[in-house]
Structure formats: structure tokens, C-alpha cells
1. What does the extension gain come out to for ARG521 and GLU359, with contour length at 0.36 nm per residue minus their alpha carbon separation?
2. Which whole-Hz ³J(HN,Hα) couplings does region 42-58 yield from phi under the Karplus relation 6.51 cos²θ - 1.76 cosθ + 1.60, θ = phi - 60°, glycine and proline marked x?
3. Pop the C-beta distance of LEU150 and TRP492 into the FRET formula with R0 = 35 Å and round what comes out to the nearest 0.05.
4. Label CYS504 and ILE14 with points 7 Å out from Cα along Cα→Cβ: what is the distance between them in nm?
5. Check which residues have an amide H placed less than 5 Å from ILE356's amide H, if you skip close sequence neighbours.
6. Tally up the carbon and sulfur contribution to the accessible surface of region 128-230 as a whole percent, 1.4 Å probe, everything protein left in place.
7. Want the number for ILE257 to TYR415: 0.36 nm per residue separation, take away the alpha-carbon distance, what's left?
8. What does the highest-first list of 29-36, 170-177, 193-200, 150-157 look like by mean Cβ count within 10 Å?
Amino acid sequence: MSRMRGIPPGILLIRKIRGKDWSLTTYRYIILFVTFIAYTAYHASRKPSSIVKSVLDPHPDSVNNKNIYNFNYSFNGNDSMKGHLPWPLGDVFIKSGINGTFKYEDEGWEPFNGKDGTSKLGEIDVAFLAVYSLGMYVAGHLGDTLDLRLFLTTGMVGSGIFVVLFGMGYFWDVHRFWYFLSMQMLAGLFQATGWPSVVAVIGNWFGKRRRGLIMGIWNAHTSVGNISGSLLAASVLDYGWGWSFILPGCFIIVAGIVVFMFLAAYPEDVGFPYPSDSSPNARGSIRDDSLWDEGTSNDEEAPVPRISSVNRKGVGFIGACFIPGVIPFALCLFFSKLVAYTFLFWLPFYLSQTEIGGERMSVKSAGNLSTLFDVGGIVGGILAGYISDKLKARATTAASFMYAAIPSMLLYRSYGNISKTTNIILMIIAGLFVNGPYALITTAVSADLGTHSSLKGDSRALATVTAIIDGTGSIGAALGPLLTGFLSTKGWDAVFAMLMIGACIAGLLLSRLVCTELTERTSSISPRGRNTGEAPLSQSLLREGRR
């Protein structure tokens with residue numbers, strides 16, 4: 001007899017209190033919510049390093065060779081502090097070093113405040129992302145063989161511990177580069193568990209018909225995580241940069257506990273059959289692609305057929321690479337993530353060094369303002385998912401967004417310093433086109449390929465395929481911030497040139513798939529064209545996979 005995976009303790013408790021089980025639709029809502037919180041916490045814990053860059057390595061052009069940061073407090077006549085509300089409740093722009101403000105003088109933090117400080121910050125980023133990308137390949141295979149709930153919980157708690165330990169370097173007065181480097185590398189290793197796991201869970205619970213839109217909305221957790229991480233880190237920057245790591249680190253630990261309590265990673269483990277096991281009498285068949293349809297009307301009281309999720313075998317790494325479309329999308333994501341993660345890690349630093357409307361803003365304000373890039377990313381992810389569902393053309397949608405990102409970045413670099421309003425508008429537009437294809441490839445495309453028709457029988461490749469695609473992309477994510485650390489010393493024009501070249505290459509890598517999708521769409525108009533009802537990847541890929 002096969003061993004059952006454990007039902008999450010939180011669900012068992014709620015079943016006991018309610019006296020009955022949840023419906024299929026309720027479980028799907030819970031899955032979306034819990035995985036959304038989980039990956040929001042992952043991204044929030046990555047954001048602090050970008051917020052504190054300008055504190056660790058201050059800008060050299062400051063008053064009296066010191067670095068004066070406005071921490072959003074001002075004095076009245078009695079020298080009592082009067083707090084300004086943080087964004088989004090207060091102002092986004094707070095000028096740096098204005099008279100009459102509470103000033104905190106700092107010369108940076110050794111070892112990041114020397115001549116090679118910017119390069120060391122780049123090395124910290126690349127160390128995190130390099131270990132993250134390499135760990136992703138291993139984590140993907142483990143995610144298809146181990147209990148996803150326990151695997152994800154371990155990764156979140158472990159990641160949170162090392163993020164907190166990085167921040168503790170402030171309170172322990174640590175000035176050894178190897179300490180911060182090792183904390184980032186260990187955090188990156190545990191972070192690798194996240195993305196393959198959450199995408200696999202979503203793929204287990206949702207069908208393909210509206211996957212682009214559903215996952216586009218769900219993928220807003222990436223931008224929400226970046227925004228919340230920025231706001232959390234900036235909100236406690238007044239009390240020392242160490243708190244900017246400790247608070248997001250505690251957030252991901254708490255989210256990991258929520259995952260352990262409530263995440264049902266497999267439909268079988270709470271009584272719903274996997275598609276290959278479903279039958280006309282099975283409760284709440286997952287075969288239905290609708291998010292809301294639940295199968296039978298009395299599924300809360302119906303008997304629960306228990307089907308073990310451990311019987312299905314995983315697909316090997318090499319076998320997953322040969323799934324049609326995996327390699328082109330993986331290479332495209334390499335350059336797409338190079339662009340996206342350069343903004344993620346360096347945008348606040350860029351803003352703190354750039355005059356906008358003739359004024360330079362504080363470090364905290366730069367962190368607040370950078371969140372608007374992710375606001376555009378939320379819109380871009382949803383829009384890309386919706387368009388790709390309607391056109392049934394994932395590659396065409398992704399490539400079009402990447403090409404559109406080129407002029408959007410050029411306009412932002414050229415005209416973003418004219419005024420505050422212009423900067424905000426152009427930043428949101430750039431975020432839309434940069435994050436749109438990144439979100440589409442890492443969610444709907446990965447889930448489509450992980451359940452590709454070329455996979456025979458009960459084999460699973462969701463986490464493995466996701467790890468191959470996102471792991472390859474993460475290598476680019478490591479390369480972008482590293483190059484930025486060196487290129488920024490020569491001027492930001494060189495950095496933006498690198499980003500535009502990367503976006504162009506990302507679009508070109510999908511050219512073959514785009515041509516195939518356009519050809520098939522044209523042929524479908526003829527009497528001989530037909531709709532197979534498969535996932536919205538190109539039909540030629542599906543036919544190739546069946547050979």
C-alpha cells in the first residue's frame with residue numbers, strides 16, 4: 001500500500017471545527033492565496049539589499065564630505081520630531097539634505113564604503129543570484145519528488161534565518177566582507193526552493209484554458225513582494241540598516257509557517273483526484289479547466305476517494321530539457337531576467353544618484369519611488385497573460401513585450417529626469433513592458449510546458465521544467481547586477497545600453513516560435529485549419545512532442 005502525504009494541520013483543524021470539508025472552489029482560492037503570500041514573502045526578502053546600497057556605499061558628492069540622509073522627520077520650534085507619513089500615505093519625493101531636517105551623518109559601512117564599494121555590492125548580488133540559479137536546477141527535481149509543502153516551508157524558514165543574520169551584522173558590528181557574502185549565498189540557496197514549488201502547486205490545481213490570465217493575476221505577487229519589501233526596508237531604515245533585513249526576514253519565516261499549516265500541494269491529498277485519475281463519479285474533478293466549476297453540487301459531503309500523490313514519478317532533468325519549447329524560452333528568460341533584476345537590485349541606487357526636476361531625493365524616497373516600477377509590472381503581467389490567452393500565442397506576446405521594452409527604457413533614461421511626473425509615468429511604462437514577458441514565461445509558459453502532451457502517463461515535470469527555465473533565467477539575473485556594478489562607474493548610459501541590448505536578444509531568441517505561431521494562426525483561417533484545444537503554446541510544438 002502506498003504512503004499518503006500528510007494533510008496540512010491547519011486544514012485538519014478547520015475540518016474538525018466545521019464538521020465538513022471545503023469545496024473544490026474554496027480549495028483553489030486557498031491555494032492561490034497561500035502561494036501568493038509565499039512568493040510575496042520571497043521577493044520581499046530579496047529587496048532590502050537594493051534599499052540599503054546607498055547607505056552602505058554613500059554617494060561621494062555630499063555636504064562636507066559626509067552623507068546626509070533625510071529620514072522623513074522635521075523639527076518644530078521646540079525641537080520635537082514630527083513624523084511624515086511614508087508612501088503611499090505621504091509624499092514619494094523627499095529631498096535629500098535640506099535645511100531644518102533631522103540629519104543622520106554616516107560615512108557608509110565598511111567594507112562597502114571604499115573605492116571598490118560599488119563593485120563589492122555587485123559581487124554580493126551576483127553571489128546570491130548565482131547560488132540561487134544553480135540551486136534552482138536541483139530544487140526543481142526535488143520538488144517533483146518530495147512533499148512540496150514541507151520542501152517550500154523549509155526553504156522559506158531557512159531563507160528568512162539567513163536574511164535576518166545578514167541584518168544582524170549591523171548590530172554585531174561586523175565588517176568582514178566574507179560574512180555578508182556567505183549570508184547572501186546561503187539565503188540564495190534556500191530561495192531556490194520557492195519558484196519551482198509554487199508554480200508546480202498552481203499547475204497541480206488549475207487547468208490550461210485560462211491559465212495565462214489566472215497566473216498573470218497571481219504573478220502580481222512578484223511586484224507586490226518587491227513593493228512590500230521596499231516599504232518594509234525603508235520604514236525601519238531610521239533605526240539602522242540592519243532592521244531593513246530583519247523585518248523582511250521575519251516576514252518570510254511567518255509566511256513559511258502559514259504554508260506549513262494550510263498549503264495542500266496536491267489535489268489528491270485532500271480528496272480530489274488528479275486529472276488522470278478522474279472519473280464521472282469522482283468528486284470535484286480537476287479535469288475541468290474552469291476556476292469556479294466544482295463538479296458535483298454536494299461535494300462537501302460526498303465521500304472522498306483518497307489517491308496518493310507519491311505514486312506519480314518525476315521526469316529527469318535531461319528529459320525535461322527535450323520537451324519542445326523549453327530551451328528557447330529558457331534562453332529568452334536569461335536576458336529577460338537580466339533586465340528585470342537589474343532594475344530590482346539597482347533602481348533605488350540609480351534614483352538616489354539622479355537629479356529629478358533639479359532635485360536629488362533621499363535614500364528612503366528612492367526606495368519608495370522604485371516601487372512604482374513594480375506597479376507597472378503588475379499591470380504588465382496581467383496584460384501579457386490575458387493577451388496570450390486570447391491569441392493562444394505565448395511566444396508572440398512575450399517577444400512583442402520585450403521589443404516594446406527597448407524604447408520604454410530609452411525614454412526613461414532620456415526624459416525621466418525632467419520632472420517628477422514624467423519620471424513616474426515613464427517608470428510605470430518601463431515596468432509594464434520589462435516585467436510582462438518575465439511574468440508570462442515564469443508562470444503560464446512554465447506550467448504549460450510542465451504538463452506538455454509529450455509527457456506520457458503519470459509522469460510529472462512541473463517543478464523540473466520551471467526550474468530549468470527560471471534557473472537559466474536566474475543566471476542572467478545574476479549577470480545583470482554584476483555588470484551594472486562595473487558599468488555604473490563609467491556612467492548610467494552604459495548600463496541602459498546593456499539593458500536594451502539584452503531586451504532585443506530576448507525577443508530575437510523567440511523568433512522561430514513566433515514565426516511558427518503566426519504561420520499556424522494564418523493556416524487556421526483556411527478550411528484545413530483546426531483548433532486542437534491544447535495549451536496556448538504553438539501547435540507545432542505539441543505535434544512535435546507527440547512524435
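1. Result: 53.2 nm gained on full extension.
2. 4, 6, 4, 6, 8, 7, x, 4, 6, 6, 8, 3, 6, 8, 5, 10, x
3. With R0 = 35 Å, the Cβ-Cβ based efficiency is 0.20.
4. 5.1 nm
5. MET361
6. 76 percent
7. Stretched fully, the ILE257-TYR415 segment lengthens by 52.4 nm.
8. 193-200, 150-157, 29-36, 170-177
The values are calculated or read from the model by the stated rules, or taken from the named source; none is laboratory data. Quick caveat: nothing in here was measured; it's all calculated off a predicted structure. Here Cβ is always computed from backbone atoms with ideal geometry, including for glycine, and neighbour counts include all displayed protein chains. Ligands, DNA and RNA are stripped out before the accessible areas are found, and what is left, the full protein with its side chains, is counted by its heavy atoms. Shrake-Rupley method; radii C 1.70, N 1.55, O 1.52, S 1.80 Å.
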